[in-house]
Structures are given as structure tokens and as C-alpha cells.
Amino acid sequence: MRHLKHRHQLGLKKEHRAAVIATLAASLLEHGRIRTTLAKAKALRPFVERIITLAKKAESVTAERAVAYRRLALARVRDKGAVARLFNDRVSEFKDRSGGYTRIYKLGPRIGDAAEMAVIELIEASDEGYRASRRRSRKKKGSAPPAADASEAPAAGASAAEDASEEDADAGSKQDDSVETVAVTPDSEDVADEAEPGENVTEEVASGEDVDSDGKGKKDS
């Protein structure tokens, strides 16, 4: 049955479609990167990846079998130069890659007929791919924190409390010193006023003694 096989028709007949895909594959293997419509790029991807698989198989078999794989690729691609470059040079780039030899970038609509354009390229051997999404690396909201963090939290809180208490003690001592200096200053002035000799004279007068010019007291006559 032919269910789900009507894909990548490109609006062309079988012979025309095979010729177009073969030409695109030859250009991609030759240059490593081409620009075409998005529909043609999606149709080219599975085709060219099968050709690359044939080249990888030819590396691990006998010479006679390798020639057979090369002829299969040549019958599909229809370009001796592109097939020779793939089997001789580019196959080493895909040695450690088990699949996904191409990558497609969307470019947006083309001016004129608004056809969706794309770039398809061969992935280099040094390409590590995209980085993992950050959403996958986030922890679940309901997960409990590790024991190490829980033990460190009280210690951090205790140290913070000690620092706060030390700062309060320093601030209190500085405030007491300032209060004492302010309180001592007027007391010293009062003491100086009380120590003046005029007060001794008033005390003697109150006792009933006269004071002459020499400062000696006389009794009342």
C-alpha cells in the first residue's frame, strides 16, 4: 500500500523531480552549502543523507563492495566529480556522526513570488550542535534543597546575627561616650562658679561679721 508516501512532490513529475534533486545534491556535495526554496531543501535532506550513508559504508567494506556503493551513489547523483569528492574527501567528516548530516536555516519569503527560502548545509565534523535548552536544566519547584545547603543556612544566619549584635554594641558604646562628654562639660563650669572667692565673703557676711577693705572681719560695736 502507498499510504503516507506522497511527500516532496514539488509539483513535478517523477523524472523531472529526480533530475532536480540530483542537481541540488551535486551542488550541495560540491560546495557544502546552497540556497534554495524550503520545500526543495526538505526534499533534498533525506536524499543526500542516504548518499552520505553509502559513502560511509564504502569505508568499512572490501574494495569490490566499495565500488558497488560508489556506483549506486553515481546512479542517483549523476555527477562524477561530486561523488568522487564525497567518497574521497568529505566522508571523513561524517565518520563519528551517526546521522543528521545536514542542517536547514529558514530565510523567509522571497521577493516576487513570496516563496519560502532556506539554506541547507553539510554539518562540519567540529560542529557540536546546539546547546541544551535552559528550561530542561531548571530544577522542579517542589524539589527539596540539598542537605549541605540546609546545614549552611543556619550557620550563615548565626554569623549574620553575631555581626549585627557587635555593630549594635559598638553603636551603643559610641552613644554613651558622646552623652558623657556632653554631661561633664556643664558640671565643670558649675564647679568653677562655686569655687569663686565671692561666695566665701557672702557666707561670712551671713554669719554676722563685717568685712573691711583688708578682707578681715570685724565684730559689731
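With respect to residue 119, is the statement that it is in a helix (DSSP H, G or I), β-branched (Val, Ile, Thr) and either surrounded by 11 or more Cβ atoms within 10 Å (Cβ to Cβ) or modelled with pLDDT of 90 or more (or both) true?
No: the conditions fail for residue 119.
Within the stretch 1-60, count every residue that is part of a loop (DSSP other than H, G, I, E, B) and either surrounded by 14 or more Cβ atoms within 10 Å (Cβ to Cβ) or of a type outside the set (S, T, N, Q) (or both).
So the count comes out to 14.
Which count do you get for residues in the stretch 61-103 that are more than 21 Å from residue 119 (Cβ to Cβ) and outside any helix (DSSP H, G or I)?
7
The values are calculated or read from the model by the stated rules, or taken from the named source; none is laboratory data. None of these values were measured; they are calculated from a predicted model. Don't worry about glycine lacking a Cβ; one is built from the backbone with ideal geometry, like all the others, and counts go over all protein chains shown.
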